[in-house]
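The values are calculated or read from the model by the stated rules, or taken from the named source; none is laboratory data. Just so we're clear, the structure is a prediction, and the values are computed from it rather than from any experiment. Every residue, glycine as well, gets a Cβ built from its backbone with ideal geometry; the counts of neighbours run over all protein chains shown. The protein model used for the area step is the full one, side chains on, heavy atoms only, and it has no ligands, DNA or RNA in it. Shrake-Rupley method; radii C 1.70, N 1.55, O 1.52, S 1.80 Å.
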Amino acid sequence: MKKFWALILLASPLSVAPLAFGADDPDASFYKRAAEGGIFEVDAGNQAQQKSNDQKVKDFGAMLVKDHTAANEQLKSLAASKNISLPTSASVGQMAEKGKLDVLTGDTYDKAFINGQIKAHERTIALFKKEIASGQDADAKSFATAALPTLRKHLKAARDLAAGAGNS
C-alpha cells in the first residue's frame, strides 16, 4: 500500500504539469517559447558583456539585456493576467548553446555568439510571425506584433556585426 501511495505522489505533479504552462490555451506554446527565448537572450546578452573583448559585441549584449528584460516583464504580466505560468529558465537546447559559448574566448567567442544570435532571432521572428498570423489569443498577437520591430532590429544588428567581422 505504501508503494501505491508513493507512486501516486510521484505521478501527481506530472499529471498537472501541462496545466502549468496553460495547456488548455491554444497559444500556450507561444507563451512558453517566447518566455524561454527572452530568458535566453538576457542570459546571452549578459554573457557577451562579460566575455567579449569587442565593444560592439558588448554594446549589442547590453541592448539584448535591456530590450528582452522589458519584453519579458510585459510577457509575464500578460501571462499572469491569463493565469498562465511561464518557465523560469531557458530551454534545455538554449542552455546547452550558452554552455558551448562559455568555453570560448576572444574572436572565436564573438563569431559563435553573433552567429548564434542571428539563428536565434530568425527562429524568434518566425515564432512571432506565426503567432500574429494564426494565434487565437488577441493579447498574445498584440504582444508579438509590438515586439516584432525590436526583434528585427536585433537581427539586423547581429547581421551587421557578422558582416563587420567577416562572418558569413
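Numbers for the structure displayed
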quantity: Unmet criterion (only one of (1) part of a helix (DSSP H, G or I); (2) surrounded by 14 or more Cβ atoms within 10 Å (Cβ to Cβ)) for Lys153; calculated: (2)
quantity: Pick from region 132-144, criterion in a helix (DSSP H, G or I) and open to solvent by less than 30 Å² (accessible area, probe 1.4 Å), ranking: farthest from Asn83 (Cα to Cα); calculated: Ala144
quantity: Any pair with Cβ under 7 angstrom, 6 or more apart, that starts in region 102-131 at a residue that is open to solvent by 30 Å² or more (accessible area, probe 1.4 Å) and at pLDDT 95 or above and ends at one that is among the polar types (S, T, N, Q) and not in a helix (DSSP H, G or I); calculated: Lys111/Asn167; Asn115/Asn167
quantity: Among residues of region 43-59, those that are within 16 Å of the chain's Cα centre (by Cα) and touching a residue at least 24 places away in the same chain (Cβ under 8 Å), counted; calculated: 4
quantity: Residue under evaluation Ala147, criteria (1) hydrophobic (A, V, I, L, M, F, W, C); (2) part of a helix (DSSP H, G or I); (3) open to solvent by 30 Å² or more (accessible area, probe 1.4 Å), criterion not met; calculated: (3)
